[in-house]
1. Would you pick out the residues in region 115-169 that are acidic (Asp, Glu) and open to solvent by less than 20 Å² (accessible area, probe 1.4 Å)?
2. Anything in region 137-169 that is over 10 Å from the mean Cα position of the chain (by Cα) and modelled with pLDDT of 90 or more? List them, or say none.
3. Could you list, in sequence order, all residues of region 45-54 that are in contact (Cβ under 8 Å) with a residue 12 or more places away in the chain and open to solvent by 80 Å² or more (accessible area, probe 1.4 Å)?
4. Filter region 13-33 down to the residues that are more than 20 Å from LEU58 (Cβ to Cβ), assigned to a helix (DSSP H, G or I) and either open to solvent by less than 30 Å² (accessible area, probe 1.4 Å) or of a type in the set (S, T, N, Q) (or both) and list them by number.
5. Would you mind telling me which numbered condition in (1) charged (D, E, K, R); (2) open to solvent by 40 Å² or more (accessible area, probe 1.4 Å); (3) at pLDDT 85 or above GLU2 fails?
6. Does GLY26 fit the bill of being modelled with pLDDT of 85 or more and at positive phi?
7. Can you name the residue in region 34-45 that is modelled with pLDDT of 85 or more and outside any loop (DSSP other than H, G, I, E, B) and, of all such residues, is farthest from GLU60 (Cα to Cα)?
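The values are calculated or read from the model by the stated rules, or taken from the named source; none is laboratory data. Just so it is clear, the structure is predicted and the values come from calculations on it, not from any experiment. Note that each Cβ is placed from the backbone with ideal geometry, even for glycine, and that neighbours are counted across all protein chains shown. Accessible surface is based on the protein model in full, side chains and every heavy atom, while ligands, DNA and RNA are left aside. Shrake-Rupley method; radii C 1.70, N 1.55, O 1.52, S 1.80 Å.
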Amino acid sequence: MEIGSRLKNARSEHGLTQEQVAEELGVSRQSISNWENNRSYPDIVSVIKLSDLYSISLDELLKEDKKMIEHLDDATNEVKSRKWFSKLIEVGSFLVIWAVTAIAFRTGAAEGSNAMGYSILALYIVMPVSTLVISFFIGADRGWNRLRWLMPLFFGMALITTQMETFGIKWLSTLEIVTVSDFFSTFEPLYFIIGAAVSAIGIGIGTAVRLNKFKKRTG
């Protein structure tokens, strides 16, 4: 028996109309009709809700329906792809901003009388604000899971490289070979701490907002 027939029989046994089920799930009556007639398949969230509504185990509901299982598998893979795409967008947006600050120095656009002002703008405003905003979205994006708490390390390194780039580190702009002592003489751990701390704050706020929305949805 296909899932459509199981859903229709379960609804009839519970004395529910398609309109009532649709209202309970927050979908259209046409969707319920399509599912029961195997014209389309419910997504995984709807399957779980239907399982609870009809008091049927997922195993029983999906039993031997290969097409439905394939549909859920494809849907799961699509969700995974979207999660990775959102991660790329979030990290990529930040990298673009970071690259622009570096290119300005590599091309000489921020030299001369504008150099100090640009350095302060890039290091103390543009990068921290970008870190905070992007970190907020990372915290609000449930696709990151626990991996989100490693991102402050990434943002900390991003800020420290900005510091090394913007305050006259010619060897970084020209890619000249330098000694280890030259490198560490320009390395300021404080900026790493600041970048990581700002990121952690943004992620914390984003996570709190996401969890608050989840609590409201679940009552």
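1. Passing the criteria: only GLU165.
2. Correct list: TRP149, LEU150, MET151, PRO152, LEU153, PHE154, PHE155, GLY156, MET157, ALA158, LEU159.
3. LYS49 - this is the single residue of region 45-54 that is in contact (Cβ under 8 Å) with a residue 12 or more places away in the chain and open to solvent by 80 Å² or more (accessible area, probe 1.4 Å).
4. Of the residues in region 13-33, the ones more than 20 Å from LEU58 (Cβ to Cβ) are 15, 17-20, 22-23, 28-30, 33.
Remaining after also requiring assigned to a helix (DSSP H, G or I): 18-20, 22-23, 29-30, 33.
Once the filter is applied, which keeps residues that are more than 20 Å from LEU58 (Cβ to Cβ), assigned to a helix (DSSP H, G or I) and either open to solvent by less than 30 Å² (accessible area, probe 1.4 Å) or of a type in the set (S, T, N, Q) (or both), region 13-33 yields GLN18, GLN20, ALA22, GLN30, SER33.
5. Answer for GLU2: the failing condition is (3).
6. Spelling it out, GLY26 is indeed modelled with pLDDT of 85 or more and at positive phi.
7. Pass one, region 34-45, residues modelled with pLDDT of 85 or more: 34-37, 39.
Now restrict to residues that are outside any loop (DSSP other than H, G, I, E, B): 34-36.
Values: ASN34: 20, TRP35: 16, GLU36: 16 Å.
The extreme case among them is ASN34.
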